[in-house]
Amino acid sequence: QFTTRVVSCRAAELRPEGGGEPVRGFQVVLEDTILFPEGGGQPDDRGLIGDVPVLRVTRRGPEAVHFVPAALEPGAEVQLSLDWERRFDHMQQHSGQHLLSAIAEQMFGFKTTSWELGRQRSVIELDTPLVTAEQVEALEKSVNEKIRDRVPVTVRELAADDPEIETVRSRGLPDDHAGPVRVVDIKGIDSNLCCGTHVSNLSDLQVIKLLGVEKGKKNKTNLVFLAGNRVLKSIEQSHSTEKALTSLLKNGPGEHVEAVKRLQSSVKLLQKNNLNLLRDIAVLIARDFKSKPAPKQLFVLHRKEGDSEFMNIIANEIGTEETLLFLTVGDEKEAGLFLLAGPVEAVENLGPRVAELLGGKGAGKRGRFQGKAAKMSRRGEVQALLQEFISHQNPGA
């Protein structure tokens, strides 16, 4: 907690991180703050000003700007409260990144070009097209040895023109930087220009787990990692999943993969058998229609189970030179598929109108028009449209 004064407060809007409508509120500048504004790859802190929640903290030159939903009186003395759980998580991930970047460069010459502290995991972009599994394993082993060695982490400030800055690892200063330069030292391992928040000893990181690598931008590789409490949460989540799978699959964790493979094989076989049955049903439906002494000019069919192939088999078997076919598959109350088949001119005329009535989209050629339908419940309206079309084409029908 920290006591300070309000310098200014002005109306503003905040765009939510996940998108959506802007939130109305106020931008507040304080004499000083303990809430970190986002920057340097690290997200901002959260907390309270009095009892007013701080929804975002950004940097504007030398000032930290706090976005809050309620106005605060300039000149008023206020107490800041920090969301420590969020802050400590960011400290662990950020110090973990410094350690990983330093050791990756020392061991393999991989320089860090950027990094991101995400909500679930963090990513370091390395300036190399390839990192092998053996290198990942060696890197993880080395950084965790440093954590067990309880190496101190300290912060110092240098003047902007201090020649020592040239010896410190850095990705450069912001264009609007003013005042002294902040250096974070991991004793005997790394010195790095950094504005972020850090632990005071590597032992506070607890453990670092490398989740592997992913292909990055051109000739870059992304190293994915967890540090500290995030590793514990990940283990807890994995254990919960393992318990659920053990209950569902009725076997031990070591047998889960084989059990899932057997289930996948069974599902594939069932799907294949189901498709064969649907094809047989489609042929029987078509032959039943054709066997009637006086075939109708309009054939309408809806079936909950089915696919495009099912509908096309029916259309192929019936033939569409004289009969107009309107076929649909899917749940009555949800989205589905439709097929309109028949004389080319009729289908070209009616296809787009059918799609519009069903709230869907489609395309067609050579007497077939098919697509997706969002409003399957309006099939009756389509049938009425088709009946009316046939009546106009053949008034005596």
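The values are calculated or read from the model by the stated rules, or taken from the named source; none is laboratory data. On a predicted model such as this, the values are computed, not experimentally measured, just so you know. Glycine gets a Cβ as well: all are built from the backbone with ideal geometry, and neighbour counts include every protein chain shown. Surface accessibility is based on the protein's heavy atoms, side chains included, excluding ligands, DNA and RNA. Shrake-Rupley method; radii C 1.70, N 1.55, O 1.52, S 1.80 Å.
Here are some notes:
- Put 115, 84 in order of accessible area, highest first, and with a 1.4 Å probe you get 84, 115.
- Accessible carbon and sulfur surface of the stretch 2-82 relative to its total accessible area, %, 1.4 Å: 50 percent
- Scoring 118-125, 348-355 by mean Cβ neighbours within 10 Å over their residues and listing the highest first yields 348-355, 118-125.
- Annotation: per residue accessible area for the chain equals 58 Å², rounded to a whole number [probe 1.4 Å, protein chains only].
- Summary value for the chain: 10 percent relative contact order, contacts being C-alpha pairs under 8 angstrom separated by 6+ residues.
- Surface/4 estimate of mean projected area, convex hull on alpha-carbon atoms of the stretch 76-230, nm²: 10.9 nm²
- Rounded to 10°, Cα long-axis angle of helix 308-318 versus longest principal axis of the chain: 10 degrees
- Of all the options 376, 107, 91, the one that moves most in a Gaussian network model of the chain with Cα springs shorter than 10 angstrom is 376.
- On Cα atoms only, tilt of 229-249 relative to the major axis of the chain in degrees: 30 degrees
- Candidates 73, 105, 317, ranked by Gaussian network fluctuation over the chain, Cα under 10 Å, top entry: 317
- Projecting the alpha carbon convex hull of the chain along each direction and taking the average yields 30.6 nm².
- With every protein chain in place, the stretch 183-241: carbon and sulfur % of accessible area (1.4 Å): 51 percent
- For the chain, calculated [θ]222 nm from helices alone, where every DSSP H run of n ≥ 4 adds -39500 (n - 2.57): -12000 deg cm²/dmol
- The stretch 83-167, accessible surface, carbon-and-sulfur percent (1.4 angstrom probe): 48 percent
- Working note: Karplus 6.51/-1.76/1.60 with θ = phi - 60° gives the stretch 79-90 the couplings 10, 8, 10, 9, 6, 5, 4, 5, 4, 5, 4, 5 Hz, where Gly and Pro are set to x.
- Mean separation of Cα pairs under 8 Å and 6 or more residues apart, divided by the residue count, gives the stretch 2-82 a relative contact order of 37 percent.
- Remark: the stretch 2-82 projects, on average over all directions, an area of 5.1 nm² (convex hull of Cα atoms).
- Over 19 Å between alpha carbons, listed pairs 304/372; 209/233; 304/333; 272/361; 141/209; 233/261: 272/361; 233/261
- Alpha-carbon Debye profile of the stretch 311-397, log10 I(q)/I(0) at 0.10, 0.12, 0.20 Å⁻¹: -0.22, -0.32, -0.88
- Considering all different alpha carbon pairs of the stretch 1-140, the Kirkwood hydrodynamic radius works out to 17.1 Å.
- Nearest 10 degrees, 0 to 90: helix 379-393 Cα axis against the chain principal axis: 40 degrees
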